[in-house]
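Take a look at the structure set out below.
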Amino acid sequence: MGKEMMLNIALPKGRLGNSVYDMLEKIGYACDGMRDKNRKLILENPERGVRYMLVKPSDVAIYVQKGAADLGVVGKDILAEGDYEIYELVDLKIGKCNMCVAAPCEYAEEPNRVLRVATKFPNIAKEYYFGKDRDIEIIKLSGSIEVAPILGISDVIVDIVETGTTLRENNLEVREVIMPISARLIANRSAYKFKQMQIDGICRALSAPAADC
């Protein structure tokens, strides 16, 4: 297959990317070197017509939107927080967790007071509380936001919760679930138009029960 017909797939580095590659390998899209510990960032299998690029999870959607990648795998949290001009094709049903509101166990909300919300996801938080007609102050943090209500910086936090262990260890609890999160297969809009048959084939294979990891 000519290089101009290669399917370019952006995978997130780390555990999620490894799980997705397992799924792609099972449906015939293996690539030598993907399992090497000191692997390159771009690997390809010309015979199968696939090229993988390994990028930071938060950058996958940008690579797909800009056309550097035809397909990518990204968490629903990143898609919901951003504003990407891409197609969301398949819920891969891996990397499952929830976007939640959490607060100290003893916290009692005062409805007439502005709610201080610490989060890495300001757009998701704003949209959620806008739907509740609730006045909030967003405090954007990039580190471990569980400490914010402990130190009095915020009343609650909006963050991803997987097992809840970190919350419990810091005397916090989930108060509301905003949305479920999982990994999604996304496509560049132009690439989908010109490579639709190949992309649709991958979508069908990944959606089949046998593709689940």
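The values are calculated or read from the model by the stated rules, or taken from the named source; none is laboratory data. Worth saying up front: this structure is predicted, and the values here are computed from it rather than measured. Neighbour counts run over all protein chains shown; Cβ positions are idealised from the backbone, glycine included. SASA here: full protein model, heavy atoms, side chains in, ligands and nucleic acids out. Shrake-Rupley method; radii C 1.70, N 1.55, O 1.52, S 1.80 Å.
Structure summary
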| quantity | calculated |
| --- | --- |
| Lone unmet requirement of (1) small (Gly, Ala, Ser); (2) under 30 Å from Asn170 (Cα atoms); (3) crowded, with 19+ Cβ neighbours inside 10 Å; (4) out of contact with any Cys (no Cβ under 9 Å at 6 or more places or on another chain) for Gly75 | (4) |
| Identity of the residue in region 133-151, of a type outside the set (A, V, I, L, M) and in contact with a strand residue (DSSP E or B) (Cβ under 9 Å, 6 or more places away or on another chain), that ends up nearest to Gly82 (Cα to Cα) | Lys140 |
| Residue satisfying condition, being at pLDDT 95 or above, out of contact with any Leu (no Cβ under 7 Å at 6 or more places or on another chain) and closer than 13 Å to Ala103 by Cβ, within set Val177, Val158 | Val158 |
| Residue list for region 47-61, restricted to those being modelled with pLDDT under 90 and either surrounded by fewer than 13 Cβ atoms within 10 Å (Cβ to Cβ) or among the hydrophobic types (A, V, I, L, M, F, W, C) (or both) | Glu47 |
| Unmet criterion (only one of (1) over 18 Å from the mean Cα position of the chain (by Cα); (2) open to solvent by less than 60 Å² (accessible area, probe 1.4 Å); (3) of a type outside the set (Lys, Arg); (4) within 24 Å of Val161 (Cα to Cα)) for Leu7 | (4) |
| Residues located in region 97-114, provided they are of a type in the set (Gly, Ala, Ser) and open to solvent by 60 Å² or more (accessible area, probe 1.4 Å) | Ala108 |
| Residue under evaluation Asn171, criteria (1) out of contact with any helix residue (DSSP H, G or I) (no Cβ under 8 Å at 6 or more places or on another chain); (2) farther than 24 Å from Leu16 by Cβ; (3) in contact (Cβ under 8 Å) with a residue 60 or more places away in the chain, criterion not met | (1) |
| Ile62 being touching a helix residue (DSSP H, G or I) at 6+ places or on another chain (Cβ under 6 Å) and of a type outside the set (S, T, N, Q) | no |
| Subset of region 128-168 [basic (Lys, Arg) and without any contact (Cβ under 8 Å) to a residue 12 or more places away in the chain] | Lys132, Arg168 |
| Strands (runs of 3 or more DSSP E) completely within region 21-75 that count 2 or more residues being within 17 Å of Gly95 (Cβ to Cβ) and among the hydrophobic types (A, V, I, L, M, F, W, C) | 50-55, 71-75 |
| First in region 7-36 and farther than 19 Å from Met197 by Cα and free of Cβ contacts under 8 Å to residues at least 12 places away in the same chain, second anywhere and in a loop (DSSP other than H, G, I, E, B) and open to solvent by 40 Å² or more (accessible area, probe 1.4 Å), Cβ under 8 Å, 6 or more apart | Gly33/Arg39; Gly33/Lys40 |
| Some residue of region 86-94 being in a strand (DSSP E or B), among the hydrophobic types (A, V, I, L, M, F, W, C), more than 13 Å from the chain's Cα centre (by Cα) and more than 30 Å from Gly33 (Cβ to Cβ) | no |
